[in-house]
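Following: one structure in structure tokens, then a few remarks.
The values are calculated or read from the model by the stated rules, or taken from the named source; none is laboratory data. Since this is a predicted model, take the numbers as computed values, not measurements. Methodologically, a virtual Cβ is constructed for each residue, glycine included, from the backbone with ideal geometry; neighbour enumeration extends over all protein chains shown. Only protein heavy atoms, including side chains, enter the accessible area calculation; ligands, DNA and RNA are left aside. Shrake-Rupley method; radii C 1.70, N 1.55, O 1.52, S 1.80 Å.
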Amino acid sequence: MKLSEKINARGGSRPFYTFEFFPPRTNQGFENLVARISRLATLDPLAISVTWGAGGSTKDRSLELAGITQSHPYSLATMLHLTCTNMQEGLIDDVLESVKDRGIQNILALRGDPPRGKEEWIPSDPRFTHAIDLVRYIRSVPEYSSHFCIGVAGYPDGHPDSPLSEDAEIDNLKAKVDAGADFIITQLFYDVDQFLRWVKKVRAKGITVPIIPGIMPVQTYATFARLTKLCGTKVPKKLEDELTPLKHDDRLVKDYGVNYAIEMIRKIHSDGDIQGFHFCTLNLEKSVQRVLEGLQWTGAVNEVSNKLIADIPAPLTENSQGTEFLITPSSAANNATSGLVSFSKTKTKNEMGKGEVNDAASWDDFPNGRFGDFKSPAFGNQDPWGGSGMTRTDIHPQWANPKSSEDLTRMFMSYLESKITTTPFSDGALCPESVTILPQLKKLTQRGWWTVGSQPAVDGISSADETFGWGPRSGWVFQKAFVEFFCDGKDADAIEAYIAEKGQGWVHYFMANGKGDFRGNVAGDGRNAVTWGIFPGSEILQSTIIERESFITWKEEAFSIWKSWASFYRPASPERQLLDEVAKERWLVSIIHHDYKNADALWTFLFDSELGF
Ligand SMILES: Cc1cc2nc3c(=O)[nH]c(=O)nc-3n(C[C@H](O)[C@H](O)[C@H](O)COP(=O)(O)OP(=O)(O)OC[C@H]3O[C@@H](n4cnc5c(N)ncnc54)[C@H](O)[C@@H]3O)c2cc1C
Ligand SMILES: NC(=O)c1ccc[n+]([C@@H]2O[C@H](COP(=O)([O-])OP(=O)(O)OC[C@H]3O[C@@H](n4cnc5c(N)ncnc54)[C@H](O)[C@@H]3O)[C@@H](O)[C@H]2O)c1
């Protein structure tokens, strides 16, 4: 059903909400998301939306997910985000046809990433340069026009890449609506006063369609910092001042995020214009549920909608079978200041094993744990539409234009020496904990093993420690050292042989190349918890796990970053040849040393003459 019709049918009696999801990176994450959506559906959203990877990069998974949620037994009004630039010629028509065939009637028409300057050899559809072109196109084809309800994006804090004034931006928004859009969904924001001012300005320009504000409850400090930067979101001083002191405690951050979202929504709703809210869920469920409970908007619907749970087909993978708990805070949303959030666990499905419970329960608690659980729907999330960062920006001038391996070594070294602040693999400065192993990282990188991820060993440090601490303050945290780097095939062979000969069971590794070869010494389903913490009143929490599935998923992304970087250069250019060669020939290697009681164990093991040190 069309969202515009559903909004009208409600008659404005009760506020509505929609939930946004992105297609997960792994098969198990995908299957578990479907189960998660079915649970969230019991909260009676008016629609759910599925994001679209820039340039169609998630086409199949986005279509599949949207098709599932639209059809029986879920039967949720589904909206597909669709970007129109950097899309291969003909793809828009194919997608619109498939969307229509699946019975989906709502499209969020977006521009997507601006075309990359130097890519003229990649054929992309010349008909589309702005979102308005997609709106016009859909409205120009009678069978699409009658079938689809169209939403467009609005930017209360301004568009991050736009040089235009607010007035000019709103004129462009009006043009999209005049071209046939039925509603506006806004970019996420946190400054309610600014939003309400913007809405009045939008209305004053004669835009009358529903405006649905994008709400993203703060989930973790790192995601919040990353996304507000990416989206150009203004962070009110009050929010910054209140959130920063909590940033090491994921639970307090989440509690704060829930309360802040509740306050935002109450204030916006009381202003009278806004009827509904669009939740950017990041594929997590607890915070959105808590916000709606806190608003007391869910009471009436819960009775009606339990039917969905009963209708859902049995869950989906062996690992996910029965591992899901619906975790509801026993004292909804109001514990932020005490720091004592207690959770009551309500089984939603079959009986389950204890270890599995710990996994699923922490999916929301540590959604962006560095190497989060690959079974989590939120695994590997980088931004709300699943890009790698590489697709959103032009090549960073800091990375120079590498023409040789030595140039790349220099780039990775410059990053470690803080001469540059990013690499294609690290979008911000090194974490303070990495500074404690800086000489070791430099030694590896200088050797041509370009490090991209690492952590030092930690044997029980206070969870309140400024550098290593996380979680509730009264606890102890532990880490095993690991390092992850790109090296050539000869070195990968040498590392493998060396670990087999000298590792004595203390050293685990995974290695993979861009051609699809994979090697490692961890048993198929072996899971290395490399960061864990012990806190009062809870099971041991494992925030970071290194395992085969997540490594393989990450290595796909890692090699696609090389390829994506290469694609910025002309085919015959030395940069293109170098980066293509690296993407083909180098290996991504991840090495963990299990002796966390010896802080030097990993490094003394690696810095051996047999490995060329
Ligand atoms: C709710 C929401 C969901 C999103 N979902 C996704 C997603 O799933 N996948 C994804 O890749 N991205 C997504 N995005 C990001 C979006 O694709 C980017 O923000 C993109 O840069 C702009 O898209 P747009 O549709 O607003 O573009 P447009 O409406 O085309 O506007 C882009 C810029 O161009 C300007 N402009 C418009 N018309 C003209 C003109 N004729 N001449 C000159 N300038 C003009 C506008 O003022 C604006 O500054 C989403 C954004 C929002 C707010
Ligand atoms: N299973 C896996 O192996 C797997 C899965 C997903 C992600 N990853 C890794 O995680 C990273 C992305 O995850 P994230 O956003 O949580 O990472 P992050 O930015 O939190 O980095 C993880 C750690 O690596 C350190 N680091 C960053 N850049 C480094 C560099 N150039 N050399 C050495 N150390 C560096 C950081 O300081 C931090 O301590 C990827 O770069 C990848 O290394 C690995």
query: In the stretch 73-92, which residues are more than 9 Å from ligand 1 (Cβ to nearest atom) and modelled with pLDDT of 95 or more?
result: L76, A77, T78, M79
Selection within the stretch 102-112 - of a type outside the set (A, V, I, L, M) and part of a loop (DSSP other than H, G, I, E, B): R102, G103, Q105, R111, G112
message: So in the stretch 250-269, with the set limited to residues that are surrounded by 21 or more Cβ atoms within 10 Å (Cβ to Cβ) and of a type in the set (D, E, K, R), which one is modelled with the lowest pLDDT?
response: D250
Criterion: within 11 Å of ligand 2 (Cβ to nearest atom) and open to solvent by 20 Å² or more (accessible area, probe 1.4 Å) - qualifying residue of L438, L444, L416: L438
message: Of the residues P217, P210, P236, P245, only one is touching an Asp or Glu at 6+ places or on another chain (Cβ under 6 Å) and on the phi < 0 side of the Ramachandran plot; which?
response: P236
- prompt: Could you count how many residues in the stretch 507-517 are of a type outside the set (A, V, I, L, M), under 14 Å from F486 (Cα atoms) and in contact with a strand residue (DSSP E or B) (Cβ under 7 Å, 6 or more places away or on another chain)?
  reply: 3
- prompt: Name the pairs: first residue in the stretch 147-167 and in a loop (DSSP other than H, G, I, E, B), second residue near ligand 1 (Cβ under 10 Å from one of its atoms) and among the β-branched types (V, I, T), Cβ to Cβ under 7 Å, at least 6 apart or on different chains?
  reply: Y155/T186; P156/T186
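Residue-wise test of (1) under 23 Å from P15 (Cα atoms); (2) crowded, with 18+ Cβ neighbours inside 10 Å.
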residue	(1), (2)
D44	yes, yes
K59	no, yes
G67	no, yes
H72	no, no
L80	yes, yes
Q88	no, no
E97	no, no
message: Return the pair list, or none, for Cβ contacts closer than 7 Å from residues in the stretch 178-193 that are within 16 Å of ligand 2 (Cβ to nearest atom) and in a strand (DSSP E or B) to residues that are open to solvent by less than 10 Å² (accessible area, probe 1.4 Å) and not small (G, A, S), at least 6 apart or on different chains.
response: none
- request: Mind listing just one residue for me: the one in the stretch 108-160 that is modelled with pLDDT of 95 or more, open to solvent by 50 Å² or more (accessible area, probe 1.4 Å) and touching a strand residue (DSSP E or B) at 6+ places or on another chain (Cβ under 9 Å) and, of those, nearest to ligand 1 (Cβ to nearest atom)?
  value: Y155
field: Residue ID - least open to solvent (accessible area, probe 1.4 Å), chosen from residues in the stretch 421-435 that are free of Cβ contacts under 8 Å to residues at least 24 places away in the same chain, part of a loop (DSSP other than H, G, I, E, B) and among the hydrophobic types (A, V, I, L, M, F, W, C)
entry: L430
task: Taking F518 as the residue in question, decide whether it is without any contact (Cβ under 8 Å) to a residue 40 or more places away in the chain and within 14 Å of ligand 2 (Cβ to nearest atom).
output: yes
- prompt: So which residues in the stretch 442-476 are at pLDDT 95 or above, of a type in the set (V, I, T) and either in a loop (DSSP other than H, G, I, E, B) or touching an Asp or Glu at 6+ places or on another chain (Cβ under 6 Å) (or both)?
  reply: V452
task: Among the residues of the stretch 194-231, write down those that are open to solvent by 50 Å² or more (accessible area, probe 1.4 Å) and either under 21 Å from N172 (Cβ atoms) or among the β-branched types (V, I, T) (or both).
output: R197, K200, K201, R203, A204, K205, T208
task: Provide a single number: the residues in the stretch 478-500 that are small (G, A, S) and surrounded by fewer than 16 Cβ atoms within 10 Å (Cβ to Cβ).
output: 4
